[in-house]
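Read-outs throughout are calculated quantities, based only on the coordinates presented, and are distinct from any laboratory measurement. Predicted model, so just to flag it, every value in this text is computed and none were measured. Because the Cβ atoms are built from the backbone with ideal geometry, glycine has one as well, and the counts that use them run over all protein chains shown.
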Amino acid sequence: MLKNIFKVTTFAFLLLPCMLQAKQTVSVDLMKGFDDIDGIRLAYRPLEHNFSSQWFGDIKLYWELSAYHWEYGEDNNHSTSYALSITPIFMKQISTVYNYPLYVEAGIGASFINDEKVAGKDIGSNYQFEDRVGLLLELDNSQQVALRYMHFSNGGFNSDNPGLDFINLSYAYRF
């Protein structure tokens, strides 16, 4: 037991200087669900990696921790749901728009949703996969805007799997 605690502590101690030197990002998304679900998403990216592959060239990978707040229904009779996610995201520059880099991004992560019923649908489980694909425009070294399609599903691990679909408009700030 002490050996494992020592390993984890040592790893965290070695990783901390890298996190303090790396650029970090916070973002906010406005979400519009296909089932009249409205929401907001807050996210934090503690790490970003740049690497090159033989097939795809230069690629960025970042990890994102997200918190969601969704509402469905009329003001006087609505339901509220919350979710937490962790997702690895791959980004590839595909073009430039007026000298601003344009990226395509995609990722699949894990989510926990506090309710098994969201927007009147039984989603089968609190545990879901978060899939995303989007376009991201880098305005400068510290600001980004993105348009994303996001899908939540339990991946068929439960017979109730209607999924939740969203279009997001995002603003991110790097520091």
| query | Taking the Cα atoms of the chain, what is the range of coordinates along each of the three principal axes, in descending order and whole Å? | reply | 56, 47, 33
| request: Could you point to the residue in ILE59, LEU136, ASN161 farthest towards the positive end of the range 23-174's charge dipole, with +1 and -1 charges on the Cβ of Lys/Arg and Asp/Glu respectively? | output: ILE59
| query | For the range 42-130, what is one quarter of the convex hull surface built on the Cα atoms, given in nm²? | reply | 8.3
| Roughly what angle does helix 2-21 make with the longest principal axis of the chain, taking Cα atoms, 0 to 90 degrees, to the nearest 10? | 80
| How much FRET efficiency would the formula 1/(1 + (r/R0)^6) give for LEU30 and ASN126, where r is the Cβ-Cβ distance and R0 is 25 Å, rounded to 0.05? | 0.55
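Based on Cα coordinates alone, diagonalise the gyration tensor for the range 77-175, multiply each eigenvalue by 5, take square roots, and list the semi-axes in whole Å, largest first.
On the way: eigenvalues 187, 38, 24 Å².
Taking √(5λ) for each eigenvalue gives 31, 14, 11 Å, largest first.
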| note | Taking 0.36 nm per residue of separation between PHE90 and TYR171 and subtracting their Cα-Cα distance, the length gained on full extension comes to 27.4 nm
| request: State the number of lysine pairs found in the chain whose Cα atoms come within less than 20 Å, restricting to pairs 8 or more positions apart or on distinct chains. | output: 5
| query | Working out 0.36 nm times the residue gap between ASP140 and HIS49, then minus their Cα-Cα distance, what length gain in nm do you get to one decimal? | reply | 31.0 nm
| said: Please list, ordered by chain and number, the residues whose modelled amide H lies under 5 Å from the amide H of LYS117; skip anything fewer than 5 residues away on the same chain. | reply: ILE123
| message | Given points 7 Å out from each Cα along the Cα-Cβ axis, report the SER79 to ASN158 separation in nanometres with one decimal. | response | 1.2
